[in-house]
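Structure first, then comments.
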Amino acid sequence: MTKQQANWSPYDNNGGSCVAIAGADYCVVAADTRMSTGYNILTRDYSKICKLADKAVMASSGFQADVKALQKLLAARHLIYQHQHNKQMSCPAMAQLLSNTLYYKRFFPYYSFNVLGGLDNEGKGCVFTYDAVGSYERVGYSSQGSGSTLIMPFLDNQLKSPSPLLLPAQDAVTPLSEAEAVDLVKTVFASATERDIYTGDKLEIVVLNADGIRREYMELRKD
Amino acid sequence: MSIFEYNGSALIAMVGKNCFAIASDRRLGVQLQTVATDFQRIYKIHDGLFLGLSGLATDAQTLYQRLVFRHKLYKLREERDMKPETFASLVSAILYEKRFGPYFCQPVIAGLSDEDKPFICTMDSIGAKELAKDFVVAGTASESLYGACEAMFKPDMEPEELFETVSQALLSSVDRDCLSGWGGHVYVVTTTEVKERILKGRMD
């Protein structure tokens, strides 16, 4: 008789994709609203996007229970910061806090793949991308989640330098306008929905700019 | 590391208006080490039929040799070239013969069938055919290729536009995959000519 192996895992993957794009004076953060487990759909209407501060919005895919715990923790730490410093946390500050929070659980990680988008201290768009244990980098655009392998190459094609032979690598030759960036996000999610079973139902888009935060929705394929 | 990821590969075939394009990367690796930067993954069976083979390189070469043999035999007997649909069924049968000890390859077949209508198909390593009307992809970069092709594809593209689309999709996708790259090899086939072009991309 073979030895009995434990088959309980503390983690689950609820699927979904997130994207963030930084512009000259705006930032677009988007995620689909499908929550699944295995081949089943739990709900078609779950928001993966969380406003952490006035100028910092986080989208997370992966294990949503861990994501919810992480969002709760960051909200609490932000409140403490506001009491101590009498101001909102800036996006780069929140980025560092998120990294430290994730690394704190280095040996039992949050199964959460995050993109943080917002406006930096100069009002320019910024996007930070993370792995599950807090390694992070400021980039011009990023995607995470089940559809990220499908989405990233297309974002590279549209947003990275026109030729891979250009040195130093330019992030974008002509920066996109806010409307163009939102359009690109919609295109990218429509494509990802076609080929990734965990992405679909509805797309939630959050746009941060000097005027504040605006939310937009778009229907996606439900199959 | 999976046996399908041992050598690294990227393949696309895409349908246009009375034409098709088939493209591959050029890298041959042994796990993380690159061993060749001009590896041929796409083979011409006849003027209107091309075969791309991704996956384990040794199996790809053996499979190609067996299929060329079978096509030559067919030509002797039937005194004509094989139609792409027939060839696809042949490849499928040969792969299924090895059901319990398969060739570790994923083929991509592209050709012009009756009335010069473009035909593309792919199959898994044991011969399950997937016919598509728009594009098919294979290789270690297949997920990236799906995303890029899905976003860039338009129906009824002319040969020049098709070449641009396939090239952009291939280069963007292999740039996100460590095991494929070192440029590209694109064939654009119309009823009158076959244009073969080499792309220079990121050489890493």
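The values are calculated or read from the model by the stated rules, or taken from the named source; none is laboratory data. Predicted model only: the values in this text are computed from it and were never measured. Cβ atoms come from the backbone with ideal geometry, glycine included; neighbour counts cover every protein chain shown. Only protein heavy atoms, including side chains, enter the accessible area calculation; ligands, DNA and RNA are left aside. Shrake-Rupley method; radii C 1.70, N 1.55, O 1.52, S 1.80 Å.
Structure data summary
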item	result
Ordering of A:180-190, B:131-141 by packing [mean C-beta count within 10 Å, highest first]	B:131-141, A:180-190
Protection proxy ranking of B:12-25, A:89-102 - average other beta-carbon atoms within 10 Å, highest first	B:12-25, A:89-102
Low-density loop positions, GluC sites (Glu not before Pro), region B:1-94 - DSSP coil, at most 15 other Cβ in 10 Å	B:GLU79
Accessible surface buried upon B-A contact (total; probe 1.4 Å; Å², nearest 100)	1400 Å²
For region A:70-86, Karplus couplings with θ = phi - 60° (6.51, -1.76, 1.60), whole Hz, Gly/Pro x	5, 4, 4, 4, 5, 5, 5, 5, 5, 4, 4, 4, 5, 5, 7, 10, 6
Shielding by other protein chains, A:191-204, mean Cβ within 10 Å	2
Exposure rank, largest accessible area first [B:MET203, A:MET35, A:MET1; 1.4 Å]	A:MET1, B:MET203, A:MET35
Mean ellipticity per residue at 222 nm, deg cm²/dmol - from DSSP H runs of n ≥ 4 across chain A, formula -39500 (n - 2.57)	-10000 deg cm²/dmol
Within 10 Å of each Cβ in B:176-183, the average number of Cβ atoms from other chains	1
Averaged over B:147-156, number of beta-carbon atoms from partner chains that fall within 10 Å	6
Whole-Hz couplings from phi, Karplus 6.51/-1.76/1.60, listed for region B:135-151; x for Gly and Pro	8, 9, 9, 7, x, 5, 8, 4, 5, 4, 5, 4, x, 5, 5, 4, 6
Share of carbon and sulfur in the accessible heavy-atom surface of chain B [1.4 Å probe, %]	49 percent
Links that overshoot a 25 Å alpha carbon limit, given the list A:LYS68/A:LYS105; A:LYS186/A:LYS222; A:LYS222/B:LYS17; B:LYS154/B:LYS195; A:LYS51/A:LYS105; B:LYS98/B:LYS129	A:LYS222/B:LYS17
By average C-beta atoms within 10 angstrom, highest first, the peptides A:149-157, A:120-128	A:149-157, A:120-128
